[in-house]
1. Which of (1) over 17 Å from B:Ala410 (Cβ atoms); (2) at pLDDT below 85 is the odd one out, the single condition B:Ala479 does not satisfy?
2. Going by the conditions given, is A:Thr249 modelled with pLDDT of 90 or more, under 14 Å from the mean Cα position of the chain (by Cα), under 16 Å from A:Val488 (Cβ atoms) and hydroxyl-bearing (Ser, Thr, Tyr)?
3. Yes or no: B:Phe262 in contact (Cβ under 8 Å) with a residue 40 or more places away in the chain, crowded, with 24+ Cβ neighbours inside 10 Å, more than 13 Å from chain A (Cβ to nearest Cβ) and hydrophobic (A, V, I, L, M, F, W, C)?
4. Quick check: is even one residue across the stretch A:395-411 at the interface with another protein chain (Cβ under 10 Å from one of its Cβ atoms), in contact (Cβ under 8 Å) with a residue 12 or more places away in the chain, crowded, with 24+ Cβ neighbours inside 10 Å and farther than 19 Å from A:Val510 by Cα?
5. With respect to A:Leu154, determine if the residue is modelled with pLDDT of 90 or more, under 25 Å from A:Phe352 (Cβ atoms) and assigned to a helix (DSSP H, G or I).
6. Give me a count of the residues in the stretch B:96-151 that are among the charged types (D, E, K, R) and over 30 Å from A:Gly514 (Cα atoms).
7. Going residue by residue through the stretch B:101-116, is there one that turns out to be touching a residue at least 40 places away in the same chain (Cβ under 8 Å), within 14 Å of chain A (Cβ to nearest Cβ) and in contact with a Ser or Thr (Cβ under 6 Å, 6 or more places away or on another chain)?
8. Identify all residues within the stretch B:411-427 that are buried (at least 21 other Cβ atoms within 10 Å of the Cβ) and at negative phi; write none if there are none.
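The values are calculated or read from the model by the stated rules, or taken from the named source; none is laboratory data. Keep in mind that this is a model prediction, so the values were computed, not measured. Glycine also receives a Cβ, built like all others from the backbone with ideal geometry; neighbour counts cover every protein chain displayed.
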Amino acid sequence: MSAVLASATLKGPHVDFAGLSPLMALLGGAVVVLLVGLLGSAWVRAHLVPALSLGALAATLGLTIWQWGEEKSILAGALRIDDLSLLLTMLLAIGGAATVLLAWRSLAAREAAHGEFHALLLTSIGGMSLLAAAQNTVALFIGLELLSIPLYVLCATEMRREHSLESGLKYLIIGSVGSATLLYGLALIYGATGATDFTTIAAAISSKGLASDVLLLTGIALCLVGLAFKSSVAPFHQWTPDVYEGAPTPVTAFMAVATKIAALGVFLRFFDVALIEAQHSWGPAVATLAAITIVVGNVGALGQSSLKRMLAYSSVAQAGYLLAGVVVATQLGVRATVFYLAVYLFMNMAAFAVIVARERQAGHGDKVQSVAGLGHTNPWLAWPLTLSMLSLAGIPATAGFIGKFYLIDAAVSGGYTWLGVVIVIGSMISLGYYLPVIAAMWMGEAPVPASGTPTPAPLPALAGGSPELEEDSPSTPVKSPQPEVLFVAVLAGAATLFFGLVPQPLFDLVHGAGSGLGLF
Amino acid sequence: MPLSILIWLPAACGVLGALIATATGRSASARPTSVITAAGEHADSATGGPANASAARAPGALALLGTVAALGLAIGYIADYSPGTSGLTHVTDVVWISELGIHYKLGIDGLNVMLIGLATLLFAMATLAANLRQWNRPQLFYFHFMLAESAVLGAFLAQDLALFVAFFDLMLIPFYFMIGMWGRGERPERVRATLKLVIYTLVGSLLMLSAAIATGVLASEQNGAPLTFVLSNLQTLPLSTGSQEWIFLFFAAAFLVKMPAFPLHGWMPDGYRTMPIEVLMVFSGVLSKVGAYGFLRIALPLYPQAAAHFQTLMLLIALASILYGSMVAFTQTDARLIAGFSSVAQMGFITLGIFSLNPQGAQGALLQMVNHGLVVAPLLFIVALLARRAGGSEDIREMGGIAFRAPVLAALFLIVALATLAMPGSANFVGEFLILLGVFQAKLAIAIIAFAGVVMASVYALRLFIRALHNRVGKGVEARDIGLLDRVVLVPVVSVILFFAVYPQLALRRGEDSVKAAVAPAQAAATPVRTASRKPTFAQAMSQFQAGPVTGTGNGEAAGARP
């Protein structure tokens, strides 16, 4: 017996290292960063580690550009390398780089130890990249877990702040429920179709006439719920505001942007490829979810005094807009979704960078007062946030307008005109919370620094914490925004404006994204 | 010369002014106030110091230069436009977003040639008026002001539906800042007013956005053509009546809010009260015209069946605006709100003319757009002058009795007031006459009721004039005639009013052909009922009387052509 086993050659799949290279750069970078983080010098930990993460992300970006234009399935059909997955990986790398810059001098990275923080971040991006390329339900699930588990930890990295821990725990519980639901759904779909491969599932649905099979539909419903949890689609969004508010702001920025990119990427590939034959069953359901999400997100954001909570609800609403591109299941819809994801990356990064800067500067946390009078005191922060708010609201001359235009265009030509109207109604409601932020910046008075210098309550001692960590008091307000945070804010704001005036480069980039999915 | 220069010249001047002021302001205040600028919030009080007086003036001067240059260009375009031309001239057509079929297409025709003249004239006047005042943070003020001019000119010149919508939405944003940052009243109050104004008007605009996208997509789908938003292409791709109707209503909502028309004017009183007068001059004089212009440029040519279908509804809204606006205007005591509600009434007349759906009414409406802009801006400026003499109050009960001490001001005011009430001999009279003539042909009953509006206009205009200048001298009123600088602002516009009174043909003849072309499809859609029911029966009766079997189309000409 053992002889048989010994002589049997294990036939592994052919590994296309070129196609896999962006993912390898990310995960390899995570290992390197983790090891370098163990080195003794404080300077190495605080500066070399983030620099190495940036290097890994830059390598990922470079490798995706190198692979650009490839159309292939790798690892025995588990992953698909095409314009969609490469473009999403590119966006993830950019979003990740922005996160690294925002987290460079953050409390979270220091408390969690820099090596771990950045290794978790890179692993999570790796999971997202895997998810965006997944072409097989197993790869999908692995990608999802690889993205989620590091994120649960990242949310709790400010481990001496109660809200951060609460946020991490909440996300862990809700995320696990979502994952379990998704896994159940995937199992049911496997049961119905006998396949894990997306294209085989699609073929099985059409050849066996399963489009109205109860087992399959139950599976689809469970998958929809699972993914809705991940991408914070109402009514599965309740965790979003709490988790976003509690998590360290750079992590919130990362969750808001990157998770959404990955989740919408898997929505596109799973629903528009594997389940395309059942589109008439899930189409109306997803459209209804999108409409509910748009309304719930926008109404929830009204009257929020915490900017992070406001942006959390706004991200719920934006998920609703994005789903409109999934629902129509056309190439145009895919392109519009990816276009909006790119725009979404820039406008949210601009907003979060300003919040990070103000949190470290003003001592009002992420309250709206923290940006009051910013137009007078620091126009370099006020303009990016203004552009970001206008863009999120969909005002012309910003990229958000073009993105929304594209999505409505896709919805109308896909026969979902009413969803297009819901999108604009959502935009109307959204003016009610985006414009007051602008008003606070430009029309408000700069507040008196809260009770002199904000003296932070002494943080509870950390079990196993070493006194050397306390060398510089973490919450000392800085005089002016740190250059790397300012850089992210200004660059993202400028991109928001630039792509609003000259959107053609972005259109060229997303042009191929829809063609790989075999839609019409 | 490409039209882009006209559009972007003001914005460029605004940006340049802001850059110069920031650069000089910083270098001048760098040394002595470095401590303060580090703390931040005193940075702008430093620029108000004597060292930076010239830096503070630069944005205003540059803005004035830009608006006057734009006015010069616009006058050139008006002179260049020969009345007989049909179709667009000076076309700029570049593909902006090829995937969406959106072109950056600009052009001048009879519909917008006078309106860009109006817009540039009023912006130049308002910029001049603004230069007479000190502004807190002038570089930002003029930046927003100039951005507004660029957006308004863009909306007037755009020949692509998506581009029009973009400019239409964009032009509101500078006003959000201008009202919120430099408006009158306490901060929370003005923030509330500006938020209300912007949300109110953007609600309409966003509905219009979805309707515009639907127009492009559905028109190309229903006709099997590639996606396009260029207006001239869309006119060749008729939409089904069902799609037209909801799309038309969305557009109408946007335009009526902007005007404002009666049930949708909720933002107006607060907005008018809080706007700085220079901003209000262009808002009332120019922005409201974009709404009316949108009907002529977009709604009537693209959705003719729907326009015909909703003709009565629109006429009733117009009528309600006339009656409501006039009636509220003569119960108000705030001079600004009198001007505001009179605008509601005047815009009602313009809507009335457009939806008479015949060339006379629409031509009158187009003339009246120019006229109303020309009278309301000087009227508001005079209100500001009077308020300055009445201790800052804009309440007409606190004004009065200065006509003899201020004869020039009184004379200028009289001209404006008489033009407002459409005195025979003024261009406003010609405009209203044509509008009523048009409506008379379309809906007799509505025309008769609308006549009441003409009478009421004289009531509120004269009431304002008498209460503000005659009567008893108000408490704390300081009687002093108009100063030289204020004359420089006011006299040019008043002379344009007088010029149009003598020679309204300048506007009428330029607009004629384009208006006819714009109204023709809707007119055709509105009239077949009548021609089918009345005229042909008459013709048929005639031909039967002549005992000749009619094989032709049944009109009189065919019958008469038979020997």
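1. B:Ala479 satisfies all of (1) over 17 Å from B:Ala410 (Cβ atoms); (2) at pLDDT below 85 except (1).
2. Yes; evaluated as a whole, the condition is true for this residue.
3. Numbers: in contact (Cβ under 8 Å) with a residue 40 or more places away in the chain: yes; crowded, with 24+ Cβ neighbours inside 10 Å: no; more than 13 Å from chain A (Cβ to nearest Cβ): yes; hydrophobic (A, V, I, L, M, F, W, C): yes.
Judged against the criteria, B:Phe262 is not a match.
4. yes
5. Working: modelled with pLDDT of 90 or more: yes; under 25 Å from A:Phe352 (Cβ atoms): yes; assigned to a helix (DSSP H, G or I): yes.
When the stated conditions are applied, A:Leu154 passes them.
6. Looking only at that region, the number is 4.
7. Yes, there is a match, as at least one residue in the stretch B:101-116 is touching a residue at least 40 places away in the same chain (Cβ under 8 Å), within 14 Å of chain A (Cβ to nearest Cβ) and in contact with a Ser or Thr (Cβ under 6 Å, 6 or more places away or on another chain).
8. Here is the first cut: in the stretch B:411-427, the residues buried (at least 21 other Cβ atoms within 10 Å of the Cβ) are B:412-413, B:416-422, B:426-427.
Residues satisfying the conditions are B:Leu412, B:Phe413, B:Val416, B:Ala417, B:Leu418, B:Ala419, B:Thr420, B:Leu421, B:Ser426, B:Ala427.
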